[in-house]
C-alpha cells in the first residue's frame, strides 16, 4: 500500500524501504559485499573508538576534572548509552551505510539529513585528523625506547605545538587508505587483530599500574567541582567518538538487523570498563597532576613502576597500533557516509563509485585521505577536539530525536531492537548531549554556528539543486511498504529500486 510523502524542499523524506532498496547496489552497478560477522563488527567498533582519546587525550581530561575524571568518563558513557540504544534501533531497522545521515533522511527530511552529513565531516573527517595528530607522539616514544632515537620535533608535531609539519600523521593516513582500497575483508581482519592487541595492552597497563596504586592520589577527588567534571566529560566524550561507525557498515555486515545492535552495545560496554580502569590505575599510580602534565602518560607510568623501558615500549607500541586502527576505522566510516550522500546527489558522484575489482570506493577513499591529511599535518590536537565533540553531540541528539520521529511515523516498521523505556531513553539522550555541548564553551559554539551556516549555504547552492530524490517532484512519489522476506528481512523490490531518481 502506498503512502505519499511531503514535497516541501526541506521535507523530502525517504522511506526506510527505499533506503534499503537503493543500497542493494550502487548506481554504477557494483555493490558492496557482506563479509563482516559479529566478532569482526565488535572489533571494528572497538577499533574505531579506543585510540588517541585514552592514550593521548587522558592528560587533558584529567587536567580538567582531576581524579573525578572517572565520573567524567561515566557521564560521557551514559550519554553514549542512551544514544547507543537509539543507534541500535535505527541500525537494525535501516541497515544501510549512511548511518546518522540515512536515519535523518528517513525521519526528518533531506535538508536535515544534509546537515547531519555535514556534521559527520567533523565526527569522522576532522576527528581522523585529530587522531592522526597523536600518532607521532607515541611513535617517538616507541622509537626512543627501542633505538634511543626519535623524529625531530619539527617533523613530528604540528605548528603551535613545537613543530612545522606532522609527518607521521600524514603517513598513518596514507597507510590506512592503502589498506582500505585493497578490500573490506582485509581491512576487517587487520582491524580485528589491532583491536584485540590494544585491549590486551590496556589490560596489561592496568595490571602493572595497580601494583603501584596509592589511595592518597585520589583523596582530593574533585578539585575543580562540578564545572570541572562537566568540562572533563565533554573532553572525555572525544574518547568515545566512533562507536556509531558500526552503523556505517550496514551494507557489508552479515545479518545486519541482528549484528549491528548487538555490536554497538557490546563495544560500548567493553570501552567504558576499559576507560574507567585505565583512568583509576593511572591516577592511583602517578597522581592526577602527574598524568595531567604528561601527554604520553601511560608509557611513563609503566617505565617508572617497572624500572625499565621495556614495559613503556610495549605500551607505546600498543598506542601506535591503537591509533592506527582508529584512523583505519574512522576513515572507513567517512567514505561510506560520503558514498550514501553521493548516491542521493547531494555531493559529487565521484564518492559513490565502487571499484569492481576490490568492491570499495577507491576514489572516495583517496580524496578523504588527502583532504584530511592536511589539517592532521598542520593543526594542533587541542584545536580540533572541541569542535569535533560538539559536532558529534549534535548528530547524536538528532539520532535520538529520529527514533521518536520514526516511532510516530512508522510504528509498524520491523525493528530487531527497541529502545528500552521509550520515550524516556531518547529524551534523556538528547538532554545529555545538549548538556555536554554546553561544556565545550562559548568559542566552540561560535565555531560550530559558523560551520553549520556554511553547510546551509552548500546545501542551498549544490545539494538541493542536484538531489536525485527531489528531481522532477520525486519526493511526492509513493513509497513501498516493507514485505517480510525470509528471516524477517524486508524485501527491496525491483520497483522501489527502479523508482529511485537517477542523475540530477
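Can you name every residue in the range 161-171 that is crowded, with 22+ Cβ neighbours inside 10 Å and within 9 Å of residue 373 (Cβ to Cβ)? Reasoning before the result, please.
First, pick out the residues of the range 161-171 that are crowded, with 22+ Cβ neighbours inside 10 Å: 166, 168-169.
Correct list: 169 only.
So, in the range 57-72, of the ones that are within 22 Å of residue 126 (Cα to Cα) and surrounded by 24 or more Cβ atoms within 10 Å (Cβ to Cβ), which residue ends up modelled with the highest pLDDT?
For the range 57-72, the residue satisfying everything is 61.
If only one of 270, 264 is within 26 Å of the chain's Cα centre (by Cα), touching a residue at least 24 places away in the same chain (Cβ under 8 Å) and surrounded by fewer than 24 Cβ atoms within 10 Å (Cβ to Cβ), which one is it?
270
Being under 16 Å from the mean Cα position of the chain (by Cα), in a helix (DSSP H, G or I) and surrounded by fewer than 24 Cβ atoms within 10 Å (Cβ to Cβ): is that true of residue 142 here?
Working: under 16 Å from the mean Cα position of the chain (by Cα): no; in a helix (DSSP H, G or I): yes; surrounded by fewer than 24 Cβ atoms within 10 Å (Cβ to Cβ): yes.
Against the criterion (under 16 Å from the mean Cα position of the chain (by Cα), in a helix (DSSP H, G or I) and surrounded by fewer than 24 Cβ atoms within 10 Å (Cβ to Cβ)), residue 142 does not qualify.
Please find, within the range 229-260, the residue that is farthest from residue 59 (Cα to Cα) out of those that are in a loop (DSSP other than H, G, I, E, B) and within 14 Å of the chain's Cα centre (by Cα).
Here the residue is 242.
I need a count of the residues in the range 94-114 that are in contact with a helix residue (DSSP H, G or I) (Cβ under 6 Å, 6 or more places away or on another chain), assigned to a helix (DSSP H, G or I) and crowded, with 24+ Cβ neighbours inside 10 Å.
10
Is the range 349-367 home to any residue that is under 21 Å from the mean Cα position of the chain (by Cα), farther than 16 Å from residue 181 by Cα and modelled with pLDDT of 85 or more?
Checked the range 349-367: no residue is under 21 Å from the mean Cα position of the chain (by Cα), farther than 16 Å from residue 181 by Cα and modelled with pLDDT of 85 or more.
Looking at this structure, is residue 283 touching a residue at least 12 places away in the same chain (Cβ under 8 Å), surrounded by 20 or more Cβ atoms within 10 Å (Cβ to Cβ), touching a strand residue (DSSP E or B) at 6+ places or on another chain (Cβ under 7 Å) and part of a helix (DSSP H, G or I)?
no
Here is a list: 41, 90. Which entry is farther than 25 Å from residue 180 by Cα, touching a residue at least 40 places away in the same chain (Cβ under 8 Å) and touching a helix residue (DSSP H, G or I) at 6+ places or on another chain (Cβ under 8 Å)?
90 is the lone residue from the list that is farther than 25 Å from residue 180 by Cα, touching a residue at least 40 places away in the same chain (Cβ under 8 Å) and touching a helix residue (DSSP H, G or I) at 6+ places or on another chain (Cβ under 8 Å).
When you look at residue 155, is it within 21 Å of residue 327 (Cα to Cα), surrounded by fewer than 18 Cβ atoms within 10 Å (Cβ to Cβ) and touching a helix residue (DSSP H, G or I) at 6+ places or on another chain (Cβ under 9 Å), yes or no? Give the derivation first.
Details: within 21 Å of residue 327 (Cα to Cα): yes; surrounded by fewer than 18 Cβ atoms within 10 Å (Cβ to Cβ): yes; touching a helix residue (DSSP H, G or I) at 6+ places or on another chain (Cβ under 9 Å): yes.
Criteria met by residue 155.
Any residue in the range 322-351 that is at positive phi and in contact (Cβ under 8 Å) with a residue 12 or more places away in the chain sitting within a Cβ distance under 7 Å of a residue that is part of a loop (DSSP other than H, G, I, E, B) and surrounded by fewer than 24 Cβ atoms within 10 Å (Cβ to Cβ)? List the pairs, counting only those 6 or more apart or interchain.
Partner pairs satisfying both residue conditions: 345/467; 345/468; 345/504.
The values are calculated or read from the model by the stated rules, or taken from the named source; none is laboratory data. Source: prediction; values computed, not measured. We place every Cβ from the backbone using ideal geometry, glycine too, and count neighbours over all the protein chains shown.
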